[in-house]
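The values are calculated or read from the model by the stated rules, or taken from the named source; none is laboratory data. In this text, all values refer to a predicted model and were calculated from it rather than measured experimentally. Neighbour counts run over all protein chains shown; Cβ positions are idealised from the backbone, glycine included.
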Amino acid sequence: MEFLASYFVHLTILLASTTYGFLSPQLKDCRGFLKDKFLPKNYPKPLKKVGICQRLNTVKYYATMYNLEHKIPLYSAYKMDPSIEKDQPPDLKKWMVELGLSAKGGDMGDENELTKKEAKIQAVNKDYTEAKEPVVRGQMCPKIHRNKEARTATFTLTNAAPLYEKFQAVWRIVEQETKKLMMKKCIGALAPGTPFFVPGPIPGPTQIAEKVHIPTHAYVASACAKDSPGTFSFGVMGPNDESAKSPKDIPILVTDVVTLGKKIKEYWGMPPPPEAPIKFFKDDGNPVNNVAVNELKDALKDRGVNVVEDM
């Protein structure tokens, strides 16, 4: 406990510096991964968190607001890459950690470079591989939305939360169908746009390794930013349910991002005021445009997903 207390004091000092590694207060060094450079707001307070510009081989690929209390992301934020199916790098069996959370600073890298004390402030591979719960390392910024080295950069534990295997199976379908939707209606549209995503977990009380919290739910908010009219957005949410008989029994809510922000506060157990939902985008991504919401619902239903109207 003394180490953790002194570490958070040390971390506060480091965050005041604009030159230290790629810890980034309020993600100011990687706001380009956020639509209109808008920082999501109305998350619970107080919450020990740190902004990370996720960097591999000196290149920034996405942003994560890391939840130091629960050892999972508060959220990640990224721009989806155009789809490339061939010549992708292999998945990493041993995931990386964020060396920027240690005194070394810099890129993500191998956890062998961490001391035992430094490993206590973030998740490490052993937390997952030796977990008694049937969980996997669930990516918030998913590999299938990224290409080449950006894909490799998703294999860091500051981008992961423990997801039950059955939920991961259905959430993978969500990732696949949101990718198809954005390729068709955003990147591939006559007036192309840029797809922005803000995924995250809602921390629950159950832990693995007595430190990493298993989420009760996972969610994603997404918006297609366009210079011309036609901006649209959608939100998806589902319970990280261990007790479901099969992935098809897990309910998935597809809705607008304003409703999603309200639902997250509800399931987080956050106090009123209800009129201040979690806000992902400055303009809410034109939530009155429901075409994408309805199209995504239909696509998920066609894949056998249990799409629900409320949760």
Check: When the range 201-219 is examined, which residues are found to be crowded, with 22+ Cβ neighbours inside 10 Å and either touching a Ser or Thr at 6+ places or on another chain (Cβ under 7 Å) or outside any strand (DSSP E or B) (or both)?
Finding: Ile202, Ile214
Check: Looking at this structure, is Lys143 surrounded by fewer than 20 Cβ atoms within 10 Å (Cβ to Cβ), touching a residue at least 12 places away in the same chain (Cβ under 8 Å) and in contact with a Lys or Arg (Cβ under 6 Å, 6 or more places away or on another chain)?
Finding: yes
Next item on the list: Scan the range 229-267 for residues that are part of a strand (DSSP E or B) and touching a helix residue (DSSP H, G or I) at 6+ places or on another chain (Cβ under 8 Å) and report the count.
Entry: 12
Margin query: So Asn57 ticks every box in (1) surrounded by 12 or more Cβ atoms within 10 Å (Cβ to Cβ); (2) modelled with pLDDT of 90 or more; (3) over 26 Å from Ala218 (Cβ atoms); (4) of a type outside the set (Lys, Arg) but one. Which box is left unticked?
Written below: (1)
Note to self: List the residue pairs whose Cβ atoms are under 8 Å apart, where the first residue sits in the range 282-311 and is closer than 25 Å to Asp241 by Cα and hydroxyl-bearing (Ser, Thr, Tyr), the second is modelled with pLDDT of 95 or more and surrounded by 15 or more Cβ atoms within 10 Å (Cβ to Cβ), and the two are 6 or more positions apart or on different chains.
What the structure shows: none
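Please indicate, with yes or no, whether at least one residue in the range 108-116 is in contact (Cβ under 8 Å) with a residue 60 or more places away in the chain, surrounded by fewer than 23 Cβ atoms within 10 Å (Cβ to Cβ) and touching a Phe, Trp or Tyr at 6+ places or on another chain (Cβ under 9 Å).
No, the conditions are met nowhere in the range 108-116.
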Margin query: I'd like to know if the range 13-33 contains one or more residues that are surrounded by 12 or more Cβ atoms within 10 Å (Cβ to Cβ), part of a loop (DSSP other than H, G, I, E, B), acidic (Asp, Glu) and at pLDDT below 85.
Written below: no
Margin query: Which pairs turn up if I take residues in the range 34-52 that are in a loop (DSSP other than H, G, I, E, B) and surrounded by fewer than 16 Cβ atoms within 10 Å (Cβ to Cβ) and look for partners that are among the acidic types (Asp, Glu) and at pLDDT 90 or above with beta carbon separation below 7 Å, at least 6 apart in sequence or on another chain?
Written below: Leu47/Glu69; Lys48/Glu69
Check: When residues of the range 192-204 are filtered for being modelled with pLDDT under 95 and farther than 21 Å from Lys282 by Cα, how many remain?
Finding: 0
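Residues are listed down the side, and each one gets a yes or a no for (1) under 22 Å from Leu68 (Cβ atoms); (2) out of contact with any strand residue (DSSP E or B) (no Cβ under 9 Å at 6 or more places or on another chain); (3) of a type outside the set (D, E, K, R); (4) surrounded by fewer than 22 Cβ atoms within 10 Å (Cβ to Cβ):
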| position | (1), (2), (3), (4) |
| --- | --- |
| Val198 | yes, no, yes, no |
| Glu242 | no, no, no, yes |
| Glu266 | no, yes, no, yes |
| Lys282 | no, yes, no, yes |
| Val307 | no, no, yes, yes |
Note to self: Just the residues that are in a helix (DSSP H, G or I) and basic (Lys, Arg), please, taken from the range 282-311.
What the structure shows: Lys297, Lys301
Next item on the list: State which residue pairs qualify: first residue free of Cβ contacts under 8 Å to residues at least 40 places away in the same chain and charged (D, E, K, R) and inside the range 54-72, second residue surrounded by 18 or more Cβ atoms within 10 Å (Cβ to Cβ) and not in a strand (DSSP E or B) in any location, beta carbons under 7 Å apart, and separation of 6 or more residues or different chains.
Entry: Lys60/Cys30
Margin query: Only one of Lys262, Lys245 is touching a Pro at 6+ places or on another chain (Cβ under 7 Å) and without any contact (Cβ under 8 Å) to a residue 24 or more places away in the chain. Can you tell me which?
Written below: Lys262
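I'd like to check which helices (runs of 4 or more DSSP H) are fully inside the range 89-186 and have at least 3 residues that are over 30 Å from Lys226 (Cα atoms) and either among the acidic types (Asp, Glu) or at pLDDT 90 or above (or both).
In the range 89-186, 125-129, 165-182 are the helices (runs of 4 or more DSSP H) which contain 3 or more residues that are over 30 Å from Lys226 (Cα atoms) and either among the acidic types (Asp, Glu) or at pLDDT 90 or above (or both).
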